[in-house]
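Just below is one structure, and these are the notes that go with it.
The values are calculated or read from the model by the stated rules, or taken from the named source; none is laboratory data. Note that this is a predicted model, so its numbers are computed, not measured. Here the Cβ positions follow ideal geometry from the backbone for every residue, glycine too, while neighbour counts run over all protein chains shown.
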Amino acid sequence: MHSRSMYLFGELAGKWRKFRYTAGLGVSNESYSQGAHRFNFRLFRPKATIGYTFSKAWNLRYNFEISQHISQVAMISNTRIRSNSMEWTVGNPDIEPSNKITNEWR
C-alpha cells in the first residue's frame with residue numbers, strides 16, 4: 001500500500017474592545033493506493049472562536065469546529081484482521097470520511 005498525506009492550516013486571531021476572536025481553516029489531502037483501489041480525500045477543518053470578557057473573573061466563549069476523519073489505513077484496504085479464534089474484521093475499500101461538528105459554550 002502507498003500512502004501520502006499533506007496538511008495546511010491558517011489562523012487569524014485578534015481582539016476588539018472586550019471581544020476576542022480566532023478563525024482558522026485546515027485542509028488536508030490524504031491519498032492511498034493498493035492494487036486497483038485508489039483513494040484521494042480532501043478534508044476541511046474550519047474552526048472559529050469568539051469570546052467576551054465581562055470582568056477579570058468572568059468571560060463567555062463560543063467555539064465552533066468541523067472536523068473530518070478517515071478510518072485507519074487497515075480499514076480502507078481489503079485486509080482481514082483476526083480479532084480472536086472465531087472473528088475476523090475485514091476492511092471496507094469503499095469507506096468515506098466522517099464528519100464531526102462541535103458547538104461549545106464556556
**Message:** List the residue pairs whose Cβ atoms are under 7 Å apart, where the first residue sits in region 32-48 and is surrounded by 13 or more Cβ atoms within 10 Å (Cβ to Cβ), the second is part of a loop (DSSP other than H, G, I, E, B), and the two are 6 or more positions apart or on different chains.
**Reply:** 32/1; 34/1; 34/77; 37/93; 41/70; 41/97; 43/97
**Prompt:** Can you tell me which of 24, 51 is touching a Lys or Arg at 6+ places or on another chain (Cβ under 6 Å), among the small types (Gly, Ala, Ser) and under 26 Å from residue 69 (Cβ atoms)?
**Reply:** 24
**Message:** Please verify whether residue 12 is among the hydrophobic types (A, V, I, L, M, F, W, C), in contact with a Pro (Cβ under 8 Å, 6 or more places away or on another chain), assigned to a strand (DSSP E or B) and at pLDDT 90 or above, treating the condition exactly as stated.
**Reply:** no
